[in-house]
Amino acid sequence: MIPKNWQAVQWDSGCGDGLFITVMYHGKRFHVSLLPPSSPDTIEGPLISKFDSIDDEDEDEILAVQEEIEILVYEAGRSIWTRLAPPLPDGPDLSDLHSLLYPETFSFRFITNNGKAELIPQETNEARYHHLFGIKIVNNMGLPQYSSKDICVLETIVGQGYIS
């Protein structure tokens with residue numbers, strides 16, 4: 001059974017190009033890729049096909065297929081979730097804005113190995129999520145400057161994986 005705070009917050013698919021899921025768990029972000037397999041006897045191949053063939057108007061079918069995939073992804077990475085995203089300590093949930101906007105992120109690929117589903121680490125370029133693209137900010141008016149790491153968040157309102 002999937003824990004309540006393990007949430008697939010974003011689904012992307014490219015008609016045969018694969019399936020990409022973003023999961024949030026205990027304040028960490030996980031990207032899981034299901035890429036088209038090179039052999040026919042895989043778990044991910046039929047999942048990608050099933051997801052790509054969903055009728056966009058049938059919300060019940062979408063939710064059922066997503067739940068099926070979520071269960072397989074969660075089970076394949078059960079030890080990973082526990083190791084990389086241990087439960088947060090009890091107490092006041094105070095965090096800095098930077099950690100909420102740019103949580104520690106891990107990327108994995110869902111594969112079939114000897115007939116079993118597995119998650120293997122996948123290298124990514126983390127800078128793409130919060131890079132200034134070479135923009136230099138000029139503050140010649142003496143405006144106050146703040147770091148998102150210095151801003152304490154007292155309460156978060158989360159909806160659909162986005163911070164409000």
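The values are calculated or read from the model by the stated rules, or taken from the named source; none is laboratory data. Since the structure is predicted, the reported quantities are computational estimates derived from the model, not experimental observations. We place every Cβ from the backbone using ideal geometry, glycine too, and count neighbours over all the protein chains shown.
With respect to (1) in contact with a helix residue (DSSP H, G or I) (Cβ under 8 Å, 6 or more places away or on another chain); (2) aliphatic (A, V, I, L, M); (3) part of a loop (DSSP other than H, G, I, E, B), the lone exception for Ile69 is condition (3). Being at pLDDT below 95, touching a Gly at 6+ places or on another chain (Cβ under 8 Å), among the small types (Gly, Ala, Ser) and surrounded by 11 or more Cβ atoms within 10 Å (Cβ to Cβ) holds for only one residue in Ser13, Ser99, and it is Ser99. Scoring Ile54 on the criteria (1) of a type in the set (A, V, I, L, M); (2) in a helix (DSSP H, G or I); (3) in contact with an Asp or Glu (Cβ under 8 Å, 6 or more places away or on another chain) leaves a single failure, condition (2). Name the single residue, out of those in the stretch 71-96 being of a type in the set (A, V, I, L, M) and in contact with a His (Cβ under 7 Å, 6 or more places away or on another chain), that is modelled with the lowest pLDDT. For the stretch 71-96, the residue satisfying everything is Leu88. Checked against (1) on the phi > 0 side of the Ramachandran plot; (2) in contact (Cβ under 8 Å) with a residue 40 or more places away in the chain, Gly16 passes all but a single condition, namely (2). Just one residue in the set Leu84, Leu88, Leu47, Leu35 is more than 15 Å from the chain's Cα centre (by Cα), of a type in the set (A, V, I, L, M) and over 16 Å from Thr112 (Cβ atoms); that residue is Leu88. Against the list (1) within 27 Å of Asp12 (Cβ to Cβ); (2) of a type in the set (A, V, I, L, M); (3) part of a loop (DSSP other than H, G, I, E, B); (4) modelled with pLDDT of 85 or more, the condition Leu132 fails is (4).
Residues are listed down the side, and each one gets a yes or a no for (1) at pLDDT below 85; (2) aliphatic (A, V, I, L, M):
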residue	(1), (2)
Ser107	no, no
Ile111	no, yes
Asn114	no, no
Lys136	yes, no
Asp150	no, no
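Checked across the stretch 24-45, the condition of being surrounded by 15 or more Cβ atoms within 10 Å (Cβ to Cβ) and in a helix (DSSP H, G or I) holds for at least one residue.
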